[in-house]
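Some notes on the structure that comes next.
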Amino acid sequence: MTDRDKAQQAPVIRTKSELVLIPTVVTDVRGNRISDMKREEFVVLEDGQKQEMAVFEHVRTVAGVMKPSLAPNGVFTNQIESGSNRLTIIVFDLFNSRVTEQLAVREELLRFLTQTLNVGEPLCLIALDANGLQLIHDFTQDPAVLADALKNLKLEGANEAKVPSSPIESQFRMVQGWNSESQSRVMAMTQARLNYLRHTEGMAKISSESRSEATLWAMQEIAEAFIGIPGRKSLIWATGGFPFDISDSARFGRGQLLPAYERAWRAFNLANVAVYPLDVRGLIDPSYVNPAVGTPLPQHIDIDTGIANMANVADITGGKLCTRAQNAVNCVQQASIDSSDYYMLGFYEGGEHPKPGWRKLKVQTLRAGTRIQAKTGFYVGGPIDAKTSKEEIEFALSSPFDYTELPISVQFIPAVRGQTSVKRQVGFIYSLRPSIATVEESKANHLSLIFAALAKDALGKPKGTFSNVVEGDLAKTTTQQIEEKGVVFTGTMELEPGEYALTFLVRDNSSGRMGTVSAPLKVD
């Protein structure tokens, strides 16, 4: 068992200390991987102070699709099979790119997927538009499948939810690979997201604040989907620019976006996602000079700051900026290479009540002639209030992705006749493994869990809800039982006969962790 496994499999969280993991790529001056580094050759600094290393592991990955953990028939789970797989996610950003840029990057990605891609490399394709995130296709090692999915993607300006010709059949069509339920959720979630996010007709009319809010939510959703999967993940973000900088917490603190900002960066810290921004402006205008390395042309002056922010986002997360000199092929290949061989370093961020804000990170080696690529900071957020928690839960229930930070399983109970002659009472059982729920010993063995569920029809309309809060101080025997056997909780909702997509959620209020899992259901 590695140091990382021992740290992550520790018993119930007792304090506010959080494990900070730092995927670290080490090369020589020629860019060749150095694969014989020792723990004592690394030094990790937080705000200039040396940290005691709690985790050290040399990670070598293989190309392979992540799959859901095996579960008994009729049980749905968000848990992932463990392994040393590398994952690359491509985000097609329609929200922060103009139509001409969208066309250019789509052609670039299509050329990449149909002609150049190593078939063995697992990729998934996600789109961001004014409605939020859409899963275009789950992880696959077949580039032709992704290319076909990309061809069917509508560009920004046609944001209305599409009703499939055979709604139920399309809604519950499963795909192979990690998070296999996600594809079935997209159809049902689209309409729900329209009711949650601001829907606008003209991209140019969207305010900077609205653009920032939607982009932050998207970043959090992607990160939440990968927190429960160990290792480094590469995120290719094809965009015209980010509408905020990593230092924008002060600006957001004066408005309503600070909670979204904090949640997004906390999730990125925990998920170990390295961002590789792909500058789509360089794809359509070879004469364009990226603001990070020169002066932008007049037609780009309105969002030149957003493009310059790409370099900062890449640096803080341990990725690299893909400029006009690097097309989609080079960008994805670089990200894959970086995730193929690296070191996982980690330390515990202490303090019961840490001051919110950015912490600077620096990884150094004592060996001469080495180069380090690692994230250069992480964000410590403040306490989450009840209003923020409610908003976060509502958004998670409408996401097309399963949140994996809190591993949960759900099993249906056979439906029985409800209080009316038409509806049926549907039962379901939530399960949390031993030592997963947070029991706060310092607060009289306090436990606080939220259980929720949302049922939607094929058009994404809510048809049933459930929520309950389990909170209180536990007796010693109950605490021991949770440690040894976990938590089991039963819920019900009434539904008319039909076919539905259900999303189940558990939130651990003491730690802020959430888990969701989706499942199709036919009610006779």
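The values are calculated or read from the model by the stated rules, or taken from the named source; none is laboratory data. Here the structure is a predicted model, which is why all the values come from computation and not from measurement. Backbone-built Cβ (ideal geometry, glycine too); neighbour counts: all protein chains shown.
Below, the figures for the structure above:
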item	result
Residue match in region 118-139 (condition: out of contact with any Phe, Trp or Tyr (no Cβ under 6 Å at 6 or more places or on another chain) and at pLDDT below 50)	no
Residue in region 314-326 that is small (G, A, S), under 22 Å from the mean Cα position of the chain (by Cα), part of a loop (DSSP other than H, G, I, E, B) and at pLDDT 90 or above present	yes
Selection count where residues are under 25 Å from the mean Cα position of the chain (by Cα), in a strand (DSSP E or B) and within 14 Å of S511 (Cα to Cα), scope region 416-466	3
Test: V506 is part of a strand (DSSP E or B), β-branched (V, I, T) and modelled with pLDDT of 95 or more	yes
Among the residues listed as F412, F401, the single one being modelled with pLDDT under 90, within 17 Å of T77 (Cβ to Cβ) and not charged (D, E, K, R)	F401
Residue match in region 490-497 (condition: loosely packed, with under 14 Cβ neighbours inside 10 Å, modelled with pLDDT of 95 or more and more than 26 Å from the chain's Cα centre (by Cα))	yes
Every residue from region 482-510 that is among the small types (G, A, S) and out of contact with any Asp or Glu (no Cβ under 9 Å at 6 or more places or on another chain)	G486, G491
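Matching residues to (1) at pLDDT below 85; (2) in a loop (DSSP other than H, G, I, E, B):
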{"residue": "D36", "(1), (2)": "no, yes"}
{"residue": "V44", "(1), (2)": "no, no"}
{"residue": "E57", "(1), (2)": "no, no"}
{"residue": "P72", "(1), (2)": "yes, yes"}
{"residue": "F76", "(1), (2)": "no, no"}
{"residue": "I90", "(1), (2)": "no, no"}
{"residue": "A104", "(1), (2)": "yes, no"}
{"residue": "T114", "(1), (2)": "yes, no"}
